[in-house]
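Step one of this worksheet: look at the structure below.
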Amino acid sequence: MIEPLIFLWPPFLVAVCLVGIHAYFGIQVLARKVIFVDLALAQIAALGATVAFMLGHPAQSPATYGYSLAFTLFAAVLLAFTRVWGRRVPQEALIGVIYVVAAAAAILLIDRAPQGAEHLKQILTGNILTSGLNEAVVIIPLYAAIGLLHWLLRRRLTGAGTLVWEFVFYATFGVIVTSSVAIAGVLLVFCYLIVPSVAAMLYADTVGRRLAIGWTMGTIVSAIGVYLSLVLDLPTGATIVCTFGIVLALMAAVRPLIRRTSEGGIDRAPMRNPRLSDGV
């Protein structure tokens with residue numbers, strides 16, 4: 001029993017870091033109503049990694065990360081402009097176009113490449129089980145710095161802003177996504193962004209409480225998913241995503257029961273759109 005725990009705690013530490021930053025950004029994304037922006041940025045980062053792969057760079061090399069980051073920052077410029085274009089066309093539709101074009105371009109690039117299918121699987125699901133202290137040493141200060149920056153600039157980065165501040169939001173978000181996709185893959189990164197935030201919205205109406213619920217739920221479910229992937233010999237990313245889906249379904253099913261037995265509390269006050277200025 002002790003030996004598996006010794007093996008699992010480094011990837012679990014990395015998973016906790018991912019939960020911490022992505023649950024925060026998930027609340028922002030839901031408030032902005034750009035649900036699939038993380039998926040689009042993650043796919044753009046994956047396209048950059050695919051270009052690096054086609055040029056012969058190793059998957060975890062600095063060159064591959066540089067390609068992914070450059071593609072993501074370019075996408076951040078496009079996303080900043082979609083806020084303006086969204087006055088005539090829904091921003092979510094434009095984000096969907098960015099995602100599907102990036103996905104198609106990646107498929108075209110790897111169609112004739114040796115081991116192309118394996119590369120596609122890797123960028124979709126990642127392998128967080130093989131991550132450890134080396135990854136944690138890099139992402140902890142990076143995520144902490146971006147989290148601090150967002151807290152200091154929370155009034156400017158919350159909601160609609162100028163083109164410059166929109167770019168700052170999407171650029172910092174892109175740095176997070178690029179770093180996370182390299183470790184966990186596209187699907188798991190999107191899961192960490194949306195599922196804990198959705199679960200938190202079911203039970204809380206303030207940013208502080210939503211963060212607490214999202215972080216707690218994400219940490220517990222990540223631990224269960226990582227453990228199940230090891231003992232059942234399943235792909236780690238896909239196992240964690242499915243575990244999140246099951247837990248979210250259970251939380252949604254229990255929610256009406258709590259609502260009926262509640263004496264007031266969370267259902268008596270109307271839900272409101274959270275802002276970082278509420279206390280985070």
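The values are calculated or read from the model by the stated rules, or taken from the named source; none is laboratory data. Bear in mind the structure is a predicted one, so any value in this text is a computation, not a measurement. Note that each Cβ is placed from the backbone with ideal geometry, even for glycine, and that neighbours are counted across all protein chains shown.
Listed values, structure above:
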quantity	calculated
Which listed residue, of A103, A63, is closer than 29 Å to N134 by Cβ and assigned to a helix (DSSP H, G or I)	A63
Any hit, the stretch 81-92, residues being of a type in the set (D, E) and surrounded by fewer than 23 Cβ atoms within 10 Å (Cβ to Cβ)	yes
I107, sole failed condition from (1) in contact (Cβ under 8 Å) with a residue 40 or more places away in the chain; (2) over 28 Å from L230 (Cα atoms); (3) in contact with a helix residue (DSSP H, G or I) (Cβ under 8 Å, 6 or more places away or on another chain)	(1)
Residue that is farthest from G147 (Cα to Cα) [pool: residues in the stretch 220-239 that are β-branched (V, I, T) and surrounded by fewer than 17 Cβ atoms within 10 Å (Cβ to Cβ)]	V231
Search result, residues across the stretch 214-248 that are among the small types (G, A, S) and under 19 Å from the mean Cα position of the chain (by Cα)	G214, G218, S222, A223, G225, G237, A238, G245
Filter result for L108 (surrounded by 17 or more Cβ atoms within 10 Å (Cβ to Cβ), of a type outside the set (V, I, T) and either in a helix (DSSP H, G or I) or at pLDDT below 85 (or both))	no
Odd one out for W9 among (1) surrounded by 21 or more Cβ atoms within 10 Å (Cβ to Cβ); (2) under 19 Å from I139 (Cβ atoms)	(1)
Meets criteria (surrounded by 14 or more Cβ atoms within 10 Å (Cβ to Cβ), under 17 Å from the mean Cα position of the chain (by Cα) and assigned to a helix (DSSP H, G or I)) for A75	yes
Some residue of the stretch 182-202 being modelled with pLDDT of 85 or more, within 22 Å of A31 (Cα to Cα) and in contact with a Lys or Arg (Cβ under 6 Å, 6 or more places away or on another chain)	yes
Residue count, the stretch 152-207 (criterion: closer than 19 Å to G126 by Cα and without any contact (Cβ under 8 Å) to a residue 24 or more places away in the chain)	0
Selection from the stretch 1-42 of residues that are modelled with pLDDT of 85 or more and closer than 27 Å to D233 by Cα	F12, L13, V14, A15, V16, C17, L18, V19, G20, H22, A42
Scan of the stretch 232-280 for residues that are at pLDDT below 85, β-branched (V, I, T) and under 30 Å from L129 (Cα atoms), ordered by number	T236
Odd one out for F81 among (1) aromatic (F, W, Y); (2) under 19 Å from the mean Cα position of the chain (by Cα); (3) farther than 26 Å from A223 by Cα	(2)
Residue satisfying all of: in the stretch 1-57; outside any helix (DSSP H, G or I) and without any contact (Cβ under 8 Å) to a residue 60 or more places away in the chain; nearest to S197 (Cα to Cα) among these	K33
Pick from the stretch 44-73, criterion aromatic (F, W, Y) and modelled with pLDDT under 90, ranking: nearest to A117 (Cα to Cα)	F53
Search result, residues across the stretch 176-201 that are of a type in the set (V, I, T) and more than 11 Å from the chain's Cα centre (by Cα)	I183, V198
Residue selected from the stretch 208-219 under the condition surrounded by fewer than 22 Cβ atoms within 10 Å (Cβ to Cβ) and without any contact (Cβ under 8 Å) to a residue 60 or more places away in the chain, by the criterion nearest to A31 (Cα to Cα)	R209
